[in-house]
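Visitor: Just dropping this structure here.
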Amino acid sequence: MFSEFFQFTFSGITLGAIYALVALGFTLIYNASHVINFAQGEFLMIGGMGTVVLMDAGVPIYFAIPLAIAMAGVAGILLHRLAIAPAKNADVVTLIIITIGASIFLRGLAQVFWGKEYHALPNFSATESISLGGATLLTQSLWILGIAAVLVTALGLFFTRTALGKALLATSMNKDAASLMGIKTSAILMMAFGISAVIGAAAGVIVAPITLTSYDIGIMLGLKGFIAAAIGGLGSSTGAILGGLLLGLAEAYTAGYISSDYKDAVPFVIILAILFFLPNGLLGSRAVERV
Amino acid sequence: MKRTLKQLAAGAVTALGLTLATVPAQAADTIRIGSFLSVTGPASFLGDPELKTLELYIDKINERGGVLGKQLELIHYDDAGDASKARTFANRLLRQDRVDLIVGGSTTGATMAAVPLIQQAGVPFISLAGAETITTPVKKWVFKTPQSDRQAARRILMDMEERGLTKIGLISGTGGFGASGRNVTKEEAGNFGIEIVADETYNPKDTDTTAQLTRIRNTDGVQAILNFDFGQGPAIVTRNYAQLGIDLPFYQSHGVASDSFLELAGDAAEGLRLPASALLVADKLPESDPQYEVLNRYKSDYESRYDESVSTFGAYAYDGLQLAIQAINKAGGTDKAKVRDALESIDGAVGVTGTYRMSAEDHMGLDAESFRILQVEDGDWALTE
């Protein structure tokens, strides 16, 4: 009875940790520009698939991972320079649509050049799972949670303690005023895309031992990550983690206690309920409409 | 000036005469085999080895002098996995190219889109797609070479019955393949005295199925678990199975009978069983096996020409072409009705996928025994007996 409950909880934590890490990637670009970057899932894919492709080419895993993450960073900067920056006067919805286009483009490139096969990455720890109270937990889930915690702390410090982070927040609050204060808003945005891509790619590498990786892995993970970010409140790093874990646990408990057939309906019910009662998510900042 | 005109006219007449003479002559001298396959697009893993196999063997047969003294001519179109394109190309094959028979249709969608046209035109058609609906109910001109998932389900249940397993848990994907496999397994289980005590599903894109597996493990009396699906889902189920340390006998379907599944699932796959084409273990079969020679010849022919591993999908095309040629030989020509009758009367043609026994009631001709039960041992496939 209890071991069953533990197992469902561990399943939920595994799922939730993955969603949370993906959700984190959305916060930076959102904070800088209020754009929801739907190509975030593709950065994950570049991280995971890039590592696989480099390893196939004979690069040892210790070099393949940073190389793949750097590759995603470059892709993020290029995405900003080539697709977002030229449309700088467009409104947010147009920019969001541009990111959807970019995600389809990146997925297409990966499909043509890297193939359509699924690949697995090795676990980070030698022991694959640990046993607790009659249930098993993947050690990789702990890695994911740990790295997510480090990222949240780092992002928090970045926004509150560094001039760059403050410049980024200023840009998001009022672009014109920030620009008048001497902040290079275009460079700030480019940096936000680059760092988001790096966070996304790192997430893609860390979750790959559990989720496997392929050219289209970004669709599902990106969408679930976005739901997690929306539940937690877009723009809040802690909210992203909370939203991810909530979503993962809800899915696992539904599959375990009700029926696996209804599992996929859960995220949508949760997001409807939360957006109805808390339109800004659990930890989102209250929007102030200026008239 | 006058002379040049005359010469031109003469030349034109000769040219016209030549074309008029060559077209019918060519049509009479070759046996025209039409094909539409998904060589590109999402189903290219099916269509690509199928086309390569057809080209390989049509070349080989032509080098040896063709069939009934005639050369074979392959007329092929790529439907890119699109059913409406398949219909257009089938129409072109029938009306414009006037082929003698068709071997093709990589996917069930493409096949079913072409079937009404082919039935109407009355041309023998051998499909390379899996679904049971293609030949059930029997359609006069339509045959197919792959087994349906019903045969796979039967083969698995047969093996469970032999091992004395009577209560099983089923976990399947909600995609087309998994859902269909779940249905046939539930329909067939009773015939083997097997009861499905737990029935769980997952989304084909899910990344964790431990909750579902825990539910099955905690069901009273469950003796074995079957996962019916294809793609990466079964690899995740297999990894979760090992993670949870479940020690019940574990079965997968023919959907994952490939080396890439072993790579994805890794050590977790150790000990699991699944029904598969004998092609996967061609080199491990005893030489006395009736399929031994056919299997190994196809494998070495394909691998020496294309420098890539042979696949069971290419084998469907091999069997389709061999059945077509056998029928043409038996009919003594390409008369469509006679070729059709000859196809229907094929009894005991040893192919790569199995031994075909067609009849008026069965246009697929394979039974569950054409699948071999394989077990994963030391990261490789092994035969069980």
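The values are calculated or read from the model by the stated rules, or taken from the named source; none is laboratory data. This structure is a prediction, so every number in the text was calculated from the model and none was measured. Here the Cβ is made from the backbone with ideal geometry for all residues, glycine too, and neighbour counts use every protein chain on show. These accessible areas exclude ligands, DNA and RNA; they are computed on the full protein's heavy atoms, side chains included. Shrake-Rupley method; radii C 1.70, N 1.55, O 1.52, S 1.80 Å.
Visitor: For a quick check, take a GNM of chain B with Cα springs below 10 Å and name the residue from B:D319, B:D362, B:D247 with the largest mean-square fluctuation.
Guide: B:D247
Visitor: What is the average number of partner chain Cβ atoms found within 10 Å of a Cβ in B:261-274?
Guide: So the per-residue partner count for this stretch is 1.
Visitor: Take the Cα pairs of chain B, get the Kirkwood Rh, then feed it into Stokes-Einstein at 20 °C and 1.002 mPa s and tell me D in µm²/s.
Guide: Taking Rh from Cα pairs, D becomes 96 µm²/s.
Visitor: Moving on. In the Gaussian network model of chain A, springs joining C-alpha atoms below 10 Å, which of A:A252, A:A163, A:A178 carries the largest mean-square fluctuation?
Guide: Fluctuation is largest for A:A163.
Visitor: Select from region B:180-207 all residues whose loss of accessible area on going from the chain by itself to the full protein assembly reaches 50 Å² or more (probe 1.4 Å).
Guide: Residues passing the criterion (a loss of at least 50 Å², heavy atoms only) are B:K205, B:T207.
Visitor: A follow-up question, please. Taking the mean number of other Cβ atoms within 10 Å as a proxy for protection, how do you rank A:192-199, B:72-79 from highest to lowest?
Guide: Per-residue mean Cβ counts within 10 Å order the peptides as A:192-199, B:72-79.
Visitor: Here is a further query. Provide the FRET efficiency to the nearest 0.05 for the A:V92-A:V150 pair, computing r from the beta carbons and using R0 = 25 Å.
Guide: After rounding to 0.05, the efficiency reads 0.25.
Visitor: For region A:2-277, report the accessible area per residue in Å² (1.4 Å probe, heavy atoms, rounded to an integer).
Guide: For region A:2-277, the solvent-accessible area averages 42 Å² per residue.
Visitor: A follow-up question, please. Return the single residue from B:G109, B:G41, B:G365 with maximal mean-square fluctuation; model: Gaussian network over chain B, springs between Cα atoms under 10 Å.
Guide: In the Gaussian network model the winner is B:G41.
Visitor: Another question about this same structure. Run the simple label-point estimate for A:L223 and B:E187 please: 7 Å along Cα→C-beta, distance reported in nm.
Guide: 3.0
Visitor: Using the Karplus curve 6.51 cos²θ - 1.76 cosθ + 1.60 with θ = phi - 60°, work out ³J(HN,Hα) for each residue of region A:60-76 in order, rounded to whole Hz, and write x for Gly and Pro.
Guide: x, 4, 5, 8, 5, 5, x, 4, 5, 5, 5, 4, 5, x, 4, 4, x
Visitor: Also, I was wondering about something else. Compare the peptides B:186-194, A:232-240, B:171-179 by average per-residue count of other Cβ atoms within 10 angstrom and give them in order, highest first.
Guide: Numbers: B:186-194: 15.1, A:232-240: 25.2, B:171-179: 21.4.
Result, highest mean Cβ count within 10 Å first: A:232-240, B:171-179, B:186-194.
Visitor: Placing +1 at every Lys and Arg Cβ and -1 at every Asp and Glu Cβ, with all other atoms neutral, what dipole size does chain A have around its Cα centre, in debye to the nearest 20?
Guide: Charge dipole, chain A, about its Cα centre: 900 debye, nearest 20.
Visitor: Just checking the output field for A:254-263: average partner chain Cβ neighbours within 10 Å of each residue's Cβ?
Guide: 5
Visitor: Using a probe radius of 1.4 Å on protein heavy atoms only, what is the accessible area buried between chains A and B, both sides summed, to the nearest 100 Å²?
Guide: On the way: alone 14150 and 17180 Å², together 29000 Å².
Chain pair A/B: roughly 2300 Å² of buried accessible area.
Visitor: Just going by the charge dipole of the protein assembly as shown, with Lys and Arg at +1 and Asp and Glu at -1 on Cβ, which of A:V74, B:G365, B:A342 is farthest out on the positive end?
Guide: The residue sitting farthest along the positive end of the dipole is A:V74.
Visitor: Continuing with this model, one more query. Could you sort B:86-97, A:126-137 so that the peptide with the highest average Cβ count within 10 Å comes first and the rest follow in order?
Guide: The densest-packed peptide leads the list: B:86-97, A:126-137.
Visitor: At 7 Å along Cα-to-Cβ for each site, give me the label-to-label distance between B:E303 and B:T384 in nm.
Guide: 2.5
Visitor: Could you give the semi-axes, largest first, of the ellipsoid that matches the protein assembly as shown, computed as the square roots of 5 times the alpha carbon gyration tensor eigenvalues and rounded to whole Å?
Guide: In descending order, the three semi-axes are 52, 35, 21 Å.
Visitor: Expressed as a rounded percentage, what relative contact order does region A:202-287 have, with Cα pairs under 8 Å and six or more residues apart?
Guide: 29
Visitor: Could you work out the relative contact order of chain B? I mean the mean sequence separation of Cα pairs under 8 Å and 6+ apart, divided by the number of residues, in percent.
Guide: Here the relative contact order equals 16 percent.
Visitor: Give the carbon-plus-sulfur fraction of the accessible surface of the protein assembly as shown in %, rounded to a whole number; probe 1.4 Å, heavy atoms of protein chains only.
Guide: Carbon and sulfur atoms account for 60 percent of the accessible area of the protein assembly as shown.
Visitor: For a label point 7 Å from the Cα of B:Q375 along Cα→C-beta, name the residues of region B:184-228 whose backbone N is under 16 Å from it.
Guide: Taking a point 7 Å out along Cα→Cβ of B:Q375, the residues of region B:184-228 whose backbone N falls under 16 Å are B:224-225.
Visitor: A follow-up question, please. Roughly how many whole Å is it from the C-alpha centroid of region A:13-71 to that of region B:304-352?
Guide: Their Cα centres are 48 Å away from one another.
Visitor: Still on this model: Using a Förster distance of 45 angstrom, determine the FRET efficiency expected from the C-beta separation of B:D335 and A:V269, and round it to 0.05.
Guide: Values: r = 63 Å, r/R0 = 1.40.
Taking R0 as 45 Å, the efficiency between B:D335 and A:V269 is 0.10.
Visitor: Quick one: check the C-alpha center-to-center distance for region A:140-187 versus region B:116-186, whole angstrom.
Guide: Comparing the Cα centres of region A:140-187 and region B:116-186, I get a distance of 55 Å.
Visitor: 5 Å is the cut-off here: which amide hydrogens, built 1.01 Å from N in the peptide plane, fall below it relative to B:A349, excluding neighbours closer than 5 in sequence?
Guide: The list, which skips near neighbours in sequence, is B:Y356.
Visitor: Given a Förster distance of 25 Å, report the FRET efficiency between A:R161 and A:V74 from their Cβ-Cβ distance, rounded to the nearest 0.05. Don't skip to the end; give the middle numbers.
Guide: Values: r = 27 Å, r/R0 = 1.08.
So the FRET efficiency works out to roughly 0.40.
Visitor: Given Cα pairs under 8 Å that are at least 6 residues apart, what percent is the relative contact order of chain A? Display every interim value, and only then the final one.
Guide: Numbers: 491 pairs, mean separation 104.8, N = 291.
Normalised by residue count, the contact order of chain A is 36 percent.
Visitor: Taking the alpha-carbon set of region A:2-277, what are its Rg and Dmax in Å?
Guide: 18.7, 61
Visitor: Share of antiparallel DSSP beta bridges in the protein assembly as shown, in percent to the nearest 5?
Guide: 35
Visitor: Other chains near A:198-211: what is the mean number of their Cβ atoms within 10 Å of each residue's Cβ?
Guide: 1
Visitor: Name the lysines eligible as straight-distance cross-link partners of B:K167: C-alpha to C-alpha under 17 Å, and not fewer than 8 places from it in the same chain.
Guide: B:K186
Visitor: Karplus couplings for region B:322-337 from phi (6.51 cos²θ - 1.76 cosθ + 1.60, θ = phi - 60°), rounded to Hz, Gly and Pro as x?
Guide: For region B:322-337, the Karplus curve yields 5, 5, 4, 5, 4, 5, 5, 4, 5, 7, x, x, 10, 4, 5, 5 Hz.
Visitor: Output ³J(HN,Hα) for region A:82-91: one whole-Hz value per residue in order, computed from phi by the Karplus curve 6.51 cos²θ - 1.76 cosθ + 1.60 with θ = phi - 60°, and x for Gly and Pro.
Guide: Each residue of region A:82-91 in turn: 8, 10, 8, 4, x, 9, 5, 8, 6, 7 Hz.
Visitor: By a straight-distance test (C-alpha under 18 Å), which lysines pair with B:K330 as possible cross-link partners, with residues fewer than eight away in the same chain excluded?
Guide: Within the straight-line cut-off, B:K330 pairs with B:K70, B:K338.
Visitor: Could you tell me which of B:T108, B:G122, B:F89 has its Cα farthest along the dipole of region B:78-126 towards the positive end, charges placed at Cβ (Lys, Arg +1; Asp, Glu -1), taken about the Cα centre?
Guide: B:G122
Visitor: Leaving ligands, DNA and RNA out of it, rank A:W114, B:W381 by accessible area with a 1.4 Å probe, largest first.
Guide: Order by accessible area, largest first: A:W114, B:W381.
Visitor: Quick one: which residues, 5+ away or cross-chain, put their amide H under 5 Å from the amide H of B:I31? H built at 1.01 Å from N.
Guide: Answer set, sorted by chain and number: B:Q71, B:L72, B:E73.
Visitor: Extending each Cα 7 Å along its Cβ direction at A:F105 and B:E195, get the distance between those two points in nm, one decimal.
Guide: 6.0
Visitor: Leaving out same-chain residues fewer than 8 places away, which lysines sit with a Cα under 23 Å from that of A:K175?
Guide: Excluding near neighbours in sequence, the set is A:K88, A:K166, A:K184.
Visitor: Can you tell which of B:N227, B:I194, B:T207 lies farthest toward the positive end of the dipole of region B:193-247, using +1 and -1 charges on the Cβ of basic and acidic side chains (Lys, Arg; Asp, Glu)?
Guide: The listed residue farthest towards the positive side: B:T207.
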